[in-house]
Amino acid sequence: MRGRRTAGLLAAAVLLAGCAADPPDSDATSETATSPQPNPPSSIGEAAEEEVGTDWKAGPTAPVPEEPELSDQQRTEMLRLAATHPHTEDSCEAAELTGQLRYTDAATGSRYGVVLLRNDGEAPCTLQGHPGLGGRGEHGHPFHIQVEQSGATQAEQAESAQAQHSPPVRLSPGDIASADIRWGSALAGAESEWIETLYVQLTRGSTPLPVHIGERGIIDDPDEPAPDISTFTTVRIQPFEPVDQLWLQQVRELG
């Protein structure tokens, strides 16, 4: 009798010890351990020959579908580099935003501009990190631009770490965010296809926002030069930021 009681007590002790050693349940797991994490800024270089194909110099040989006729899958296929940050319940949706690419300055071999994004939805939303980018030409060809998200080069590791954890930009309805952009080399000209639509992916895995070039957008300025991005142009994009006062002033004056 005493042996059975002792065995029972030992079994209970082992059971309790096992319970104490069990890992915490999923409710106690930290959010950072389970939530998707942002990717560091990256880049994509020259496209492979098989990706480019043989007809990239040709004009349209068949009716080219207008951008609104494209499916979400076709828009996603235009991307060359994905956005760094995952989608969250607070993230802005492409359908809620109006986008515009503005040409701001030029130097030898380089052009400078800004991507403006306005929240036209009915609720606040957020943008964070680097957008993904792609392009479509006036003849309907997908562009094979070389894209660099700032901080992607070895000389910018400190900037990369900072940009990876850039603070979210909260947009109330009517607010505007910006992302500085620079492009150069293999620019569009008389014999090369000009960009018609810039595709801006807001979060990783989401359908990109089509930003139409040369159409009325957030700011209407008919004297502004057209962005001379072509199929092999190198494009560098900065993280999303709140729009500065200069752009807000231009929105009021020209919009």
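If packing is taken as the mean number of other Cβ atoms within 10 Å per residue, what is the order of 63-73, 201-211, highest first?
201-211, 63-73
I'd like the distance separating the alpha-carbon centroids of region 66-98 and region 180-218, in whole Å.
Between the Cα centres of region 66-98 and region 180-218 lies a distance of 13 Å.
Take the Cα radius of gyration of region 58-254 and divide it by 2.2 N^0.38 Å, with N its residue count; two decimals is plenty.
0.98
Compute the signed sum of charges (Lys and Arg +1, Asp and Glu -1) over the other residues within less than 11 Å, Cβ to Cβ, of residue 95.
-4
Rounded to the nearest 0.05, what FRET efficiency do residue 249 and residue 90 give with R0 = 30 Å and r taken as the Cβ-Cβ distance? Could you check?
Approximately 0.60, to the nearest 0.05.
Nearest 20 debye, what's the magnitude of the dipole of region 58-254 about its Cα centre given +1 on Lys and Arg Cβ and -1 on Asp and Glu Cβ?
Magnitude of the dipole: close to 480 debye.
Taking 22 Å as R0, compute the FRET efficiency from the Cβ-Cβ separation of residue 112 and residue 185 and round it to 0.05.
With R0 = 22 Å, the Cβ-Cβ based efficiency is 0.95.
With every protein chain left in place, what is the accessible area of residue 75 in Å² (1.4 Å probe, nearest 10)?
30
From Cα pairs below 8 angstrom and at least 6 apart in sequence, can you work out the relative contact order of region 58-254, rounded to a whole percent?
About 30 percent, as a whole number.
The values are calculated or read from the model by the stated rules, or taken from the named source; none is laboratory data. Here the structure is a predicted model, which is why all the values come from computation and not from measurement. Virtual Cβ from ideal backbone geometry, glycine too; neighbours counted across all protein chains shown. To get the accessible areas, we keep the full protein, side chains included, count just its heavy atoms, and leave off ligands, DNA and RNA. Shrake-Rupley method; radii C 1.70, N 1.55, O 1.52, S 1.80 Å.
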